[in-house]
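Peer 1: Before anything else, here's the structure in question.
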Amino acid sequence: MFYAAANVGVMRNVRGFRNSSLGGDAAVKVIRNLRNIYALIFGINILLTVWFIIRQIPEGAVVFGASGTVMLVCLCIQYNRLSVATLIRDNSILSVPSAMLSTANGKAKINAEETVVSTFGILIGSKIYKWGCDGVYGVRLKAIEIDRARIYLTFGDGAETMQVELLHGMGNEQEVMDVKQRLLRETGVKAIISGW
């Protein structure tokens with residue numbers, strides 16, 4: 001069991017349940033930069049492999065060819081991460097400035113990076129938790145609860161369940177009902193309202 005809490009201020013533009021600025025840009029930039037580094041290293045490896053082949057030094061060609069293969073795998077993984085992070089950022093429902101993460105065994109980690117909640121998952125800094133993308137047996141958004149101060153999102157698969165707690169800052173019941181309808185429309189999960 002993994003527990004995450006966003007202990008931050010109130011979001012702007014609650015009625016639309018979306019911050020006015022596009023959240024997650026910093027996280028996507030970090031992932032994109034890492035992808036570019038992998039692409040550069042892969043390109044250098046290919047050039048060195050060709051150079052060793054032309055110079056008829058098979059040992060060097062094998063070493064840089066194998067290294068290039070590893071970099072290609074890393075590049076493909078990073079490209080996939082960038083695609084998912086961009087999908088989450090572009091379909092943002094809620095964005096808050098930070099999160100506090102803690103595990104079931106009591107270890108806590110404060111994450112001062114932006115947290116973005118989307119139809120497709122959650123982006124906490126450059127860490128991606130996606131749901132609804134891997135079919136019936138993948139990670140699914142299981143429950144949404146809204147009380148007077150917070151929104152609780154519970155998601156996971158059969159092996160692990162996580163919960164994220166976000167401060168919402170909504171002031172009246174009509175705003176909460178609007179958010180409930182939006183979450184149902186966007187995620188397919190009916191939010192449970194308590195304390196209103």
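Peer 1: Shape call for segment 29-85 from the C-alpha gyration tensor, a ≥ b ≥ c root eigenvalues: rounded (a/c under 1.5), prolate (a/b greater than b/c) or oblate?
Peer 2: Prolate.
Peer 1: Remind me, relative contact order of segment 29-85 in percent, using alpha carbon pairs under 8 angstrom and six or more residues apart?
Peer 2: Relative contact order for segment 29-85 comes out at 48 percent.
Peer 1: What's the extension gain from Leu40 to Glu173 if we count 0.36 nm per residue and subtract their Cα-Cα distance?
Peer 2: 42.6 nm
Peer 1: Using a cut-off of 13 Å between beta-carbons, work out the net charge of the residues near Arg140 (Lys and Arg +1, Asp and Glu -1, Arg140 not included).
Peer 2: Value of the local net charge: -1.
Peer 1: Suppose each label sits 7 Å from its Cα in the direction of the beta carbon; what would the Asp90-Thr69 distance come out to in nanometres?
Peer 2: 3.4
Peer 1: Please list, or write none, the aspartates and glutamates whose alpha carbon is within less than 18 Å of the alpha carbon of Lys130, excluding same-chain residues fewer than 8 places away.
Peer 2: Correct list for Lys130: Asp25, Asp90, Glu113, Glu114, Asp157, Glu160, Glu165, Glu186.
Peer 1: List the aspartates and glutamates whose alpha-carbon lies under 13 Å from that of Lys190, not counting same-chain residues fewer than 8 positions away?
Peer 2: Candidates past the 8-residue exclusion: Glu145, Asp178.
Peer 1: Something else now. Given R₀ = 45 Å, what would the calculated FRET efficiency be for Ile192 paired with Val62, taking r from the Cβ atoms and rounding to 0.05?
Peer 2: 0.15
Peer 1: Amide H neighbours of Gly121 under 5 Å, counting only residues 5+ apart in sequence or on other chains, H built in-plane at 1.01 Å?
Peer 2: Here Trp131 satisfy the definition.
Peer 1: While we're looking at this one, here's another question. Which of the trypsin sites (Lys or Arg not before Pro) found in segment 24-94 are loop residues per DSSP with 15 or fewer other Cβ atoms within 10 Å of their Cβ?
Peer 2: Here the sparse-neighbourhood loop sites are Arg55.
Laboratory data are not the source of any read-out in this text; all were calculated from the coordinates shown. Since the structure is predicted, the reported quantities are computational estimates derived from the model, not experimental observations. Heads up, the Cβs are rebuilt from the backbone with ideal geometry, glycines too, and the neighbour counts pull from every protein chain shown.
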